[in-house]
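See below for the structure under consideration.
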Amino acid sequence: MSETSQAGARIMGATGIASGLGDQGARETAAIVAVALLVIGGAELLLRLFQVPQYILPAPSAIAGVFVSHEIPTILQHYAYTLVELLAGYAIGASIGLALAAVITQFPFVEKVITPYILLLVTTPMLALVPLLILNFGFGFTPRIIAVALASGPMVMINAATGFRRVDTMKIALARSCGASTLQIFTKIRIPMAMPMVIVGLMIGAIFGMITAVGAEMSGGGFGLGSRLTTYSSTLRMPEFFACIVILAVTGITIYAFFFWLGKRLAGWES
């Protein structure tokens, strides 16, 4: 197994979560459900026993009640705004990141020119730029989409470029000896062999994008799930606040599960 496939296998399939999502048996599923019920039930019991006020920490039943209350349509509407920002910004950032990864692995001079700027984007918290973006583009979708693209793109680019570089040189040499062009080598060898790292980069970029989207909404603007978090926390509506947290947590798990499934479909050979 090549170094690239080994790296992909470690990241995509070696964790307990990944193996649980991929190959759960009936007993494993039952154990997960039992632990979840134990934690939720224990939290409910302790909070009621010690009579903890809802504005400090709501009971799980109060949080669940939000999902059947009149407030849930408002929450879901703002959640839709967050998804629009995430999907638009992520599509832009991931596309640019993949394109740059392909370019810098083929042209070392270009890599030397743009690497300092990529490192600058990676090490700079995008949330720090949100006020500046709002000042220039207003309180609409545009500054949030730009922030998501800037947060997700470098993550995709770095992981994809790493995958493109770590292809077995023997395979490339063999392809060149058979008369393969640079484009053929890239499309037939580099991309398939780098797919595990590309998938990981796409997953990390999506998660970073979601975090940035919510943070940007909390920084300014009156719509989005991040804005709801700010509103609910400032008015001590903790059940609604934690309901939003649950929605974001489920979204993050869904992103992870989707890319794990995608990795199995596109890079199943690496396991």
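Below is a table of values for the structure above.
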{"quantity": "Residue identified as among the polar types (S, T, N, Q), at pLDDT 90 or above, over 28 Å from the mean Cα position of the chain (by Cα) and surrounded by 11 or more Cβ atoms within 10 Å (Cβ to Cβ) among 95, 61", "calculated": "61"}
{"quantity": "Candidate set from the stretch 46-58 (those that are assigned to a loop (DSSP other than H, G, I, E, B) and free of Cβ contacts under 8 Å to residues at least 40 places away in the same chain); member that is surrounded by the most Cβ atoms within 10 Å (Cβ to Cβ)", "calculated": "52"}
{"quantity": "Failed criterion for residue 182 (all others in (1) surrounded by fewer than 17 Cβ atoms within 10 Å (Cβ to Cβ); (2) touching a residue at least 60 places away in the same chain (Cβ under 8 Å); (3) hydroxyl-bearing (Ser, Thr, Tyr); (4) within 16 Å of residue 197 (Cα to Cα) hold)", "calculated": "(4)"}
{"quantity": "Selection status of residue 32, aliphatic (A, V, I, L, M), under 30 Å from residue 264 (Cα atoms), modelled with pLDDT under 95 and out of contact with any Phe, Trp or Tyr (no Cβ under 9 Å at 6 or more places or on another chain)", "calculated": "yes"}
{"quantity": "Residue 114 vs. criteria at pLDDT 90 or above and part of a helix (DSSP H, G or I)", "calculated": "no"}
{"quantity": "Filter result (farther than 21 Å from residue 101 by Cα and without any contact (Cβ under 8 Å) to a residue 24 or more places away in the chain) within the stretch 111-132", "calculated": "125, 128, 129, 132"}
{"quantity": "Residue among 219, 227, 233 that alone is within 26 Å of residue 142 (Cα to Cα), of a type in the set (Gly, Ala, Ser) and in contact with a Phe, Trp or Tyr (Cβ under 8 Å, 6 or more places away or on another chain)", "calculated": "233"}
{"quantity": "The stretch 134-156, residues that are free of Cβ contacts under 8 Å to residues at least 40 places away in the same chain and assigned to a helix (DSSP H, G or I)", "calculated": "135, 136, 137, 142"}
{"quantity": "Matching residues, the stretch 62-117, being touching a Pro at 6+ places or on another chain (Cβ under 6 Å) and of a type outside the set (Gly, Ala, Ser)", "calculated": "63, 66"}
{"quantity": "Among residues of the stretch 221-271, those that are hydroxyl-bearing (Ser, Thr, Tyr) and in contact (Cβ under 8 Å) with a residue 40 or more places away in the chain, counted", "calculated": "4"}
{"quantity": "Selection status of residue 250, in a helix (DSSP H, G or I), out of contact with any helix residue (DSSP H, G or I) (no Cβ under 7 Å at 6 or more places or on another chain) and modelled with pLDDT of 95 or more", "calculated": "yes"}
{"quantity": "Residue within the stretch 64-84 that is among the aromatic types (Phe, Trp, Tyr) and closer than 30 Å to residue 164 by Cα present", "calculated": "no"}
{"quantity": "Near pairs, Cβ below 6 angstrom, 6+ apart or cross-chain, from the stretch 25-45 (among the basic types (Lys, Arg)) to any residue that is surrounded by fewer than 11 Cβ atoms within 10 Å (Cβ to Cβ)", "calculated": "none"}
{"quantity": "Test set (1) β-branched (Val, Ile, Thr); (2) surrounded by fewer than 21 Cβ atoms within 10 Å (Cβ to Cβ); (3) modelled with pLDDT under 90 - residue 235 fails condition number", "calculated": "(3)"}
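The values are calculated or read from the model by the stated rules, or taken from the named source; none is laboratory data. Please read these numbers as outputs of a predicted model, since none were measured by experiment. Methodologically, a virtual Cβ is constructed for each residue, glycine included, from the backbone with ideal geometry; neighbour enumeration extends over all protein chains shown.
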